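Please read the structure below before turning to the comments.
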Amino acid sequence: MIKTTTLANGLRVASDSFDHVETIALGVWLNIGTRHEKKSENGIAHMLEHMAFKGTTTRSALDISKEIEDVGGYMNAYTSREMTAYYVRVLRKDVELAVDILADILQNSVFDATEFAREQGVIIQEIGRSNDTPDDVVFDYFQETCFGDHPMGWATLGTEEIIHSLTPEAVKAYMDRHYGVKNMVFAASGNIDHDQLCDLAKKYFTKVTDKGDQTPKPAEYVGGDKRETKELEQVHVVLGLPTVNSFDPTYYDNVILASILGGGMASRLFHEIREKRGLVYTISADQYSYSDAGMLTIYAGTGPKEVAELLPVICEELKNAANTITEEEVNRSKNQMQAGLLMGLEGTSNRCERLAKHMHMFNRPIPMAETLEKINKVTVESVQEACKRILKQKPTLTTLGLVDHVLSYDDLVAKLSA
């Protein structure tokens, strides 16, 4: 059973309770991320996520880790362009400890200078690891090319130079500016009583305030071409076209389109490009939607010679989809999507995150039946129309590797619009 309550201090509490498990997943989700940064502080949201675990007024970094792990629990966090999350999974008997620690790291972090300097080094190593991963790099290039010098185009990790320049005072100021109850949802899923959860939230979240700037600069799609030559065995390619945001009524048409194009081994791109032509090992298509923007992306890794054939075939498959999508393909993609959603209900962590995100996006839980109904309303005609719409948009192409044989951007545009 799903219940929601807004506490007297403004904190929204949401629970998804069911008693056939012994665990509880819970956490705080903030609708704050990379897009809320200034250029000079790019990476600060992610830095704050790291520093929250590095000591409070009552706990050291080791204390935080040990107290959760001593009871067999798991604790982690992540930062994205629009969200930051801190979450825990514990046995139901340890829920108070979990709430205590979550509240502690979000209200009482001390940003110790020694820990801060150490964590700067850790994040720079993380940036280095990402830079050594070509498919990470090419997607960073893609985001940058889509949105240009807009926060939506910046890397979540930031740059080595900016990370070096950050100070504990700057990170604390960022936290003070954004980490208010207006931007928070405290959510839990599993064997939890909602009233108990509210009581624990009242007991431990005593210092949160109603401050919190959450109005980022609107996303501005730019698009274009970025290619970088690097001695790699493969050429990594991301082709994208602007689509719809998370609230658009045609959102599920675009998700189904992406699935038909590259959502599995029965998808069009996988069958044509890998199975029939042997041009790639990996090819996939996805719909990425944000609060005010969205992109259909196609990713592939291929050889320096094979890339000359790859992009023209992708263009043809995109154009063909606008007129030849079948009922069988739409039904298969609907079934895949619905099955994935329903399977996700079997895990407390998935249910907790889904609930928190819905509270941020829609200010209410979205019943699964409502989501399934929207998916079922997708038709062959609506998917084809979605495909026709995006083919009229300006594409974004990013490539990394030995790119000499990559189709020129002008030729790409001509092939997609022909």
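The values are calculated or read from the model by the stated rules, or taken from the named source; none is laboratory data. It should be emphasised that the depicted structure is a prediction, and the values quoted were computed from it without experimental measurement. Positions of Cβ are generated from backbone atoms using ideal geometry, with glycine treated the same way; all protein chains shown enter the neighbour counts.
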* Qualifying positions in the range 371-413 - over 22 Å from Asp136 (Cα atoms), within 28 Å of the chain's Cα centre (by Cα) and outside any helix (DSSP H, G or I) -> Lys377, Val378, Thr379, Lys392, Gln393, Lys394
* Going by the conditions given, is Glu373 exposed (fewer than 15 other Cβ atoms within 10 Å of the Cβ), charged (D, E, K, R) and out of contact with any helix residue (DSSP H, G or I) (no Cβ under 8 Å at 6 or more places or on another chain)? -> yes
* To do: Determine whether Thr79 is surrounded by fewer than 23 Cβ atoms within 10 Å (Cβ to Cβ), of a type in the set (Val, Ile, Thr) and under 23 Å from Gln125 (Cβ atoms).
  => yes
* **Subset tally (residues that are in contact with a Ser or Thr (Cβ under 8 Å, 6 or more places away or on another chain), surrounded by fewer than 20 Cβ atoms within 10 Å (Cβ to Cβ) and among the aliphatic types (A, V, I, L, M)) for the range 1-22** => 3
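Can you say whether Leu416 is outside any loop (DSSP other than H, G, I, E, B) and either modelled with pLDDT under 95 or more than 26 Å from the chain's Cα centre (by Cα) (or both), as far as the supplied structure shows? So that I can check it myself, show each step before the final result.
Details: outside any loop (DSSP other than H, G, I, E, B): yes; either modelled with pLDDT under 95 or more than 26 Å from the chain's Cα centre (by Cα) (or both): yes.
So Leu416 fits the description; yes.
Can you find even one residue in the range 284-297 that is over 30 Å from Phe362 (Cα atoms) and touching a helix residue (DSSP H, G or I) at 6+ places or on another chain (Cβ under 8 Å)? First the steps, then the outcome.
In the first step, residues of the range 284-297 are kept if they are over 30 Å from Phe362 (Cα atoms); the result is none.
Checked against the condition, which is being over 30 Å from Phe362 (Cα atoms) and touching a helix residue (DSSP H, G or I) at 6+ places or on another chain (Cβ under 8 Å), the range 284-297 yields no hits at all.
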* Any idea which residue in the range 282-317 is surrounded by the most Cβ atoms within 10 Å (Cβ to Cβ), counting only those that are acidic (Asp, Glu) and outside any loop (DSSP other than H, G, I, E, B)? -> Glu317
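Step by step: first the residues of the range 108-123, then only those that are assigned to a helix (DSSP H, G or I) and buried (at least 17 other Cβ atoms within 10 Å of the Cβ), then the one that is nearest to the chain's Cα centre (by Cα). Which residue is that?
Our first condition is that a residue be assigned to a helix (DSSP H, G or I); within the range 108-123, this holds for 113-123.
Within this subset, residues satisfying the condition of being buried (at least 17 other Cβ atoms within 10 Å of the Cβ) are 115-116, 119-120, 123.
Working: Glu115: 27, Phe116: 26, Glu119: 23, Gln120: 23, Ile123: 19 Å.
By that ranking, first place goes to Ile123.
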* Asked: If the Cβ limit is 7 Å and pairs must be 6+ apart or interchain, which residue in the range 105-121 that is farther than 13 Å from Ala170 by Cα pairs with which residue that is in a helix (DSSP H, G or I) and of a type outside the set (Phe, Trp, Tyr)?
  -> Ile105/Ile64; Ser109/Met51; Glu115/Ala61; Glu119/His50; Glu119/Met51; Gln120/Ile163; Gln120/His164
* Is it fair to say Arg81 is touching a residue at least 60 places away in the same chain (Cβ under 8 Å) and assigned to a loop (DSSP other than H, G, I, E, B)? -> yes
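Condition check ((1) touching a helix residue (DSSP H, G or I) at 6+ places or on another chain (Cβ under 6 Å); (2) modelled with pLDDT of 95 or more; (3) not β-branched (Val, Ile, Thr)) across all residues:
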{"residue": "Glu309", "(1), (2), (3)": "no, yes, yes"}
{"residue": "Arg351", "(1), (2), (3)": "no, yes, yes"}
{"residue": "Arg364", "(1), (2), (3)": "no, yes, yes"}
{"residue": "Met368", "(1), (2), (3)": "no, yes, yes"}
{"residue": "Lys388", "(1), (2), (3)": "yes, yes, yes"}
{"residue": "Thr398", "(1), (2), (3)": "yes, yes, no"}
* Just wondering, is there one or more residues in the range 338-357 that are among the acidic types (Asp, Glu) and either outside any helix (DSSP H, G or I) or in contact with an Asp or Glu (Cβ under 8 Å, 6 or more places away or on another chain) (or both)? -> yes
* Asked: Just wondering, is there one or more residues in the range 340-359 that are more than 18 Å from Ser189 (Cβ to Cβ), surrounded by 12 or more Cβ atoms within 10 Å (Cβ to Cβ) and not hydroxyl-bearing (Ser, Thr, Tyr)?
  -> no
* Name every residue in the range 23-73 that is assigned to a helix (DSSP H, G or I), surrounded by 18 or more Cβ atoms within 10 Å (Cβ to Cβ) and among the polar types (S, T, N, Q), in order of residue number. => Thr34
* Members of the range 152-161 found to be part of a helix (DSSP H, G or I) and buried (at least 20 other Cβ atoms within 10 Å of the Cβ), listed by number -> Met152, Gly153
